[in-house]
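Please treat every number below as a calculation from the coordinates, not as lab data. All values derive from a computational prediction rather than experimental measurement. Neighbour counts run over all protein chains shown; Cβ positions are idealised from the backbone, glycine included.
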């Protein structure tokens, strides 16, 4: 993928009074809040509920801010994330995931008893297991049938299979069929609409009502309302990243998170070394040829990582960052980067502010 | 890289009484301890001190076990890791890294005052900054000159540059030149020896004594003692991984850590989906074409990740793991995987045991 040049989002933050202890991600709070407001406005204008995916920020404070700006609830990808958010008082949660396994039964039952919970399911074995988990709890678990409208991740493949699984779910005593979950390929509205509309018809023939249709993905925000969805879950748009800019889903000035790193060595004329490696920035390439983008040194290429070293090829740089200089790196994919840190520095109104707790960091189970 | 087949390390653990809450890494404690003992024996037989690199396990308990088995001290890559280990009472620490930046000055001075500390340095700017950090503390900081003997990461490029930097360090009032640090390419003993021996001669001409020569890398353990080194720092050998097996640096039965993951979907005949994605296993390829190895399904290929999903191509599998089945994955590179978790399950004598705290997890600064 190509980077948009010239990069026009200036670095206006003043760190002189308080030297940064690098490597460290820094969130521009004003940009993040502007992104939250913009996402809410897009959903409002499309007439769909906004249910932001917290997998990107994993932060209670930011989830609350999203709700304050109008979000109808939140989306989590894992049970452990939802538990953290429920502990913080957030009471309307979708887990867009096939939750499966005996170890999760008591956790799922407890969570369902204390918040308005919805989960996803794309097969009969998961449906049976979900029923087992909440059996006898006195409260049905709301379940969306996950549908594959072209992305080839999870999801039933056809409207017939969706309707059939919906019926099976509706017949289980402890579950409530609540609708459909989609994660359409970027911009693939027509396929999603056709799938949803056909499934709606098949469900109606079986006396089943599709109450909720959840669609998602930051690159799909531009098409919000065109997937026959009732609610939209986008995650990355709160911070954005190199991938979102390259896809045209964000502008440079919409990027709210950069990793700041110090040049610690210049061992060869064509190479400088950063104190940020794969443990600071992750090895995600997501289609790029290198591991991050330097807005202030656009010709520098982060070509390789050791765990704590970034190898920067500066062959094409008219100016080379000096040893001791702190450079900012725009991550290829921001979500796994946030997940590396227990807390992240914030900047508000251009000055260093508090640290943000990444409360659900590492909650993969 | 190729995987050695057939895989002969059997899965003999019995998890039936206590269902695993996946995805979860599991460490076979007996294997890890055997690896610790083996590494110590190799160093003992080579006549070099063993200074294991804790970047792999980041655990106080395992660092203590390494010392109990004979390690002379430990190696850390970052100041934050060393602080955690010092807090736990470990008092002989090498940080094999160019530490740089004003924010680190008070931290470095405090650490140097309370443990026997050595750091690395490959340039004059870092040397000056190290001196500033500990100035006035009343205790000199021991510094090794990092030398590049072929790996092209950090390090001065020639023995002349090494001796010159050694002299500069020795002339700074708050630093003590203590020797050399090498990270040789795998098996490149002759180049390392030539570099060290020539530097030793040049230093002697300047009246400088090289007390310590630190060499490292698990694939280099087989050559311990052949780098003109006085001490050896290896990290990965405590757990090993797919990369170490492929390089011939470990046998399958030396692998102590696997990530256990549940099959949560089988959406197409050629694809099953795991509940372990890039946030559980990292996106490290380290030369492989896929993201992990399934010892019990060697034909299955972990071809893609979403953050919380693993895409497994089962086209070539005579038997396909069923939905609900828990499979074990050998990570390509174990070190960054450990760094994703605050605690990790252990198995001792074949049964589920306690959880191990990953005390220095995320300490990248």
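Some points to look at:
- Relative contact order, percent, the stretch A:315-365 [alpha-carbon distance under 8 Å, six or more residues apart]: 26
- Between B:285, B:111, B:79, the GNM of chain B built on Cα springs shorter than 10 angstrom shows B:285 fluctuating the most.
- Highest mean first, the peptides B:248-254, B:275-281, B:21-27 sorted by other C-beta atoms within 10 Å per residue fall in the order B:275-281, B:21-27, B:248-254.
- Ascending distances from the residue A:209 label point to its copies in the other chains, with the point 7 Å along the Cα-to-beta-carbon line: 8.7 nm.
- Only beta bridges with both residues in the protein assembly as shown are counted; by DSSP, about 45 percent of them are antiparallel.
- In nanometers and ordered shortest first, the copy-to-copy spacing of the residue B:152 label point, defined 7 Å from Cα toward Cβ, is 3.5.
- Cα centroid separation - the stretch B:136-210 against the stretch B:99-125, whole Å: 17
- For chain B, built as a Gaussian network whose Cα springs stay under 10 Å, the top-fluctuating residue of B:18, B:77, B:167: B:18
- Computed FRET value (nearest 0.05) for residue B:285 with residue B:251, which takes r as the C-beta separation and R₀ as 22 Å: 0.45
- Degrees between helix B:159-171 axis and first principal axis of chain B (Cα, 0 to 90, nearest 10): 60
- The ranking of A:195, A:305 from fewest to most other beta carbons within 10 Å of each one's beta carbon is A:305, A:195.
- For the peptide B:326-339, the mean number of other protein chain Cβ atoms found within 10 angstrom of a residue's Cβ is 2.
- On the rotation that sends chain A to chain B, the chain A Cβ lying closest to the axis gives residue and distance in whole Å as A:283, 2.
- Neighbour counting of Cβ atoms within 10 Å sorts the residues B:149, A:31, fewest neighbours leading, into A:31, B:149.
- Remark: the protein assembly as shown is approximated by an ellipsoid whose semi-axes, taken from the C-alpha gyration tensor as √(5λ), come to 47, 30, 21 Å, largest first.
- Other protein chain C-beta atoms within 10 Å of residue C-beta, averaged over A:301-309: 4.
- Selected from A:60, A:196, A:126 as most flexible by GNM, with chain A as the system and alpha-carbon contacts under 10 Å: A:126
- Förster-model FRET efficiency, 51 Å R0, residue A:325 and residue B:315, C-beta, rounded to 0.05: 0.55
- Exposure proxy ranking, count of Cβ atoms within 10 Å, fewest first, for B:59, B:261: B:59, B:261
- Between copies, residue A:185 shows label-point distances of 4.3 nm, shortest first, with the point placed 7 angstrom from Cα along Cα to C-beta.
- Nearest-ten-degree value, helix A:189-205 long axis tilted from longest Cα axis of chain A: 20
- Of all DSSP beta bridges confined to chain B, the antiparallel ones make up roughly 45%.
- Shielding of peptide A:162-171 by partners, expressed as the average count of other chain Cβ atoms within 10 Å per residue Cβ, is 0.
- Using all pairs of distinct alpha-carbon atoms, the Kirkwood hydrodynamic radius of the stretch A:30-238 works out to 16.9 angstrom.
- Normalised by 2.2 N^0.38 Å, with N the number of residues, the alpha-carbon radius of gyration of chain B equals 1.06.
- With respect to chain A, whose longest principal axis is taken over its alpha-carbon atoms, helix A:105-114 is tilted by about 90°.
- Relative contact order %, the stretch B:30-238, counting alpha carbon pairs below 8 Å whose residues are six or more apart: 21
- Each label was represented as a point 7 Å from its Cα along the Cα-to-Cβ direction; for residue B:211 and residue B:41 these points are 3.2 nm apart.
- Take every Cα pair under 8 Å whose residues are at least 6 apart in sequence, average their separation, divide by the length of chain A, and the relative contact order is 22 percent.
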